[in-house]
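Please read the structure below before turning to the comments.
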Amino acid sequence: MIDLSRQDDIAILRMAHGKANTLDVEFCDALAGAFGELRNSEARAAIIVGTGNIFSAGVDLLRVSADGEAYVRRFLPALHRMFDAAFNLPKPLIAAVNGHAIAGGCVLACCADVRIAARGQGRIGVTELLVGVPFPALAFEVMRFAANRQYLPDIMLTGATWLSDDARQRGLVDEVVEPAELMNRSLAAAKGLANLSPAAFATTKEQLRQPVADRMAQHAVRVDKRVEEIWTSPDTIRHIRDYVAKTFKKG
């Protein structure tokens, strides 16, 4: 699921879960575990990247459609643990967005400190409302933290996706480079942050993210209770199945 390698003191997590790195319980658990291990490793920074022309296509809707309510009740906590482990990693995290980063895949990229996208390789955005589901509390807060404020309502409410340069304008990525330069530029960014004092970086990162922690402490239980009710309702499961049938129908 995850190919972990090192270049000097930079850890490289290459996602390799099926064709699209879709997020299911097992993959979320694997990612959360990998970020957890990075906390105590000798690596000074990390890069997360996908394979081919896909970073991550988001939640595995085929699995949700097939397994229904019981699976969703297992999946949502796993998704939260994964986003939490990525967003609150006390070390520099670079997202090398090699291609499509859709829905939960976009949120995962936005968990990083720096997001660098390969030009022309895929679309980026959050499509949750098109699927018929609300954002879990932490996923929403990650997007609020990352996106340019003036674009946030459009990003969250329309389900639109954008190519890399337009995604940069909206704050979904920080930098756009030619595909051949993606890993070199990501390594340079990681090494630059890795040269900083680890303790000073971790404390500053925690301070930057403190508003997210505060809103989660105040609102997450209430929001996620409502989110789970909607995700697991019969109407939502039917909507997801209809969406899957239309989106993934064979031509």
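Please treat every number below as a calculation from the coordinates, not as lab data. Remember, predicted model here, so these are calculated numbers, not experimental data. Backbone-built Cβ (ideal geometry, glycine too); neighbour counts: all protein chains shown.
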Express the relative contact order of the range 2-180 as a whole percentage, based on alpha carbon pairs under 8 Å and six or more residues apart in sequence.
20 percent
In nanometres, what is the gap between the two model label sites at K225 and A160, each 7 Å from Cα along Cα-to-Cβ?
3.6 nm
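May I ask you to list the GluC sites (Glu not before Pro) in the range 4-110 that are in a DSSP loop and have at most 14 other Cβ atoms within 10 Å of their Cβ? The partial results should precede the final answer.
Details: sites: E26, E37, E42, E69; in loops: E42.
Those satisfying the criteria are E42.
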Extended-chain gain in nm, criterion 0.36 nm per residue less alpha-carbon gap, E42 and A16:
7.0 nm
Under 30 Å Cα to Cα from K246, which lysines show up? Leave out anything in the same chain fewer than 8 places away.
K19, K225
Distance in nm between E26 and N53 label points, each 7 Å along Cα→Cβ, equals 2.8 nm
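Please get the size of the charge dipole for the chain, origin at its Cα centre, with Cβ charges of +1 on Lys and Arg and -1 on Asp and Glu, quoted in debye to the nearest 20.
It works out to roughly 280 debye.
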Projecting the Cα atoms of A167, T204, M82 onto the charge dipole of the chain, where Lys and Arg contribute +1 and Asp and Glu -1 at Cβ, the residue farthest towards the positive end is A167
Cβ charges +1 (Lys, Arg) and -1 (Asp, Glu), total dipole of the range 50-94, debye:
140 debye
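Summing +1 for each Lys or Arg and -1 for each Asp or Glu, what net charge is found among the other residues whose Cβ lies under 15 Å from the Cβ of R6? Let's see the in-between values first.
On the way: positive: R14, R44, K91, K191; negative: D3, D8, D9, E37, E42.
Computed value for this residue: -1.
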Estimated inter-spin distance, F145 and L62, nm [label 7 Å along Cα→Cβ]:
3.2 nm
Positive dipole terminus of the chain, leading residue within A245, F35, A117 (C-beta point charges)
A245
